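Have a look at the structure below, then the notes.
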Amino acid sequence: GAVVSQHPSRVICKSGTSVKIECRSLDFQATTMFWYRQFPKQSLMLMATSNEGSKATYEQGVEKDKFLINHASLTLSTLTVTSAHPEDSSFYICSAWDSHSTDTQYFGPGTRLTVL
Amino acid sequence: GENVEQHPSTLSVQEGDSAVIKCTYSDSASNYFPWYKQELGKGPQLIIDIRSNVGEKKDQRIAVTLNKTAKHFSLHITETQPEDSAVYFCAAPPLYGNKLVFGAGTILRVKS
């Protein structure tokens, strides 16, 4: 199947700092990528839809100024958690939609963020 | 909007037995139904999907069935093995857009 990578896999940061997470589709182009947040023992919570070349679409209740999304190319989307606080600690997962070939959504391996 | 319900929330089976997980969806226009497997600390992995033009799809020990009339689809795992232990999520798209709506997940434990 198609491969989606995320970097970093784990990050620990101090409260007040910003953290950037990268999501790449390695063997297909993705005009649409998604960012999810997952709490322990819970399902995936969609945060925003990342559209190549345009602004991201945020789900209700997700602060767009807190979670900055940039989708500058067909293979890369970034999520920046600004002024991180301990409550932002979570497992962040991206996915990419292969709309040209398989019409299927593939997930990255996730990034564990811990804010001290 | 689309609503996806998944049952059971936990499922324990003996190694070699079959496991069945069921999902219902609300939007009758949905036409794509993927299943994902998530192991601890990892991202979800697509294991099988089905589109509305077929009623069943099989890939080795895994199969998915779809009943569009009743608006439900099921994941079937035969001859379960310990490595099948994971959380399984079903999903369905809404009528408009390509966002997937996920079920709550099923924790599958295969006891050896």
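Computed from the coordinates by the stated procedures, all read-outs in this text should not be read as laboratory data. Worth saying up front: this structure is predicted, and the values here are computed from it rather than measured. Note that we place each Cβ from the backbone using ideal geometry, even for glycine, and neighbour counts take in every protein chain shown.
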Quick one: how many lysine pairs does chain A have with C-alpha atoms less than 19 Å apart and a gap of 8 or more or different chains? Give me the count, please. 6
Counting each pair of different Cα atoms once, what's the Kirkwood radius of segment A:3-116 in Å, rounded to one decimal? 14.0 Å
Dipole of segment A:33-95, Cα-centred, from +1 at each Lys and Arg C-beta and -1 at each Asp and Glu C-beta, to the nearest 20 debye? 100 debye
Listed residues B:ASN31, B:ASN67, B:ASN98; largest mean-square fluctuation, Gaussian network over chain B with Cα springs below 10 Å, found at B:ASN98
What's the FRET efficiency of A:GLU87 with B:ASN98 using the Cβ-Cβ distance as r and R₀ = 22 Å, to the nearest 0.05? 0.15
If you place +1 on the Cβ of every Lys and Arg and -1 on the Cβ of every Asp and Glu, how big does the dipole about the Cα centre of chain A come out, in debye to the nearest 20? 380 debye
Counting Lys and Arg as +1 and Asp and Glu as -1, each charge on the Cβ, what is the dipole of chain B about the Cα centre in debye, to the nearest 20? 180 debye
How far is the Cα center of segment B:1-74 from the Cα center of segment A:1-21, in Å? 29 Å
Candidates B:LYS71, B:LYS42, B:LYS99; GNM for chain B (alpha-carbon contacts under 10 Å) flags as most fluctuating B:LYS42
Relative contact order of chain A, pairs being alpha-carbon contacts under 8 Å that are 6 or more residues apart, as %: 36 percent
For chain B, compute the number of Lys pairs whose alpha carbons are separated by less than 19 Å, excluding pairs fewer than 8 positions apart on the same chain. 13
Taking springs between alpha-carbon atoms closer than 10 angstrom, which of B:SER85, B:SER74, B:SER28 fluctuates most in the Gaussian network model of chain B? B:SER28
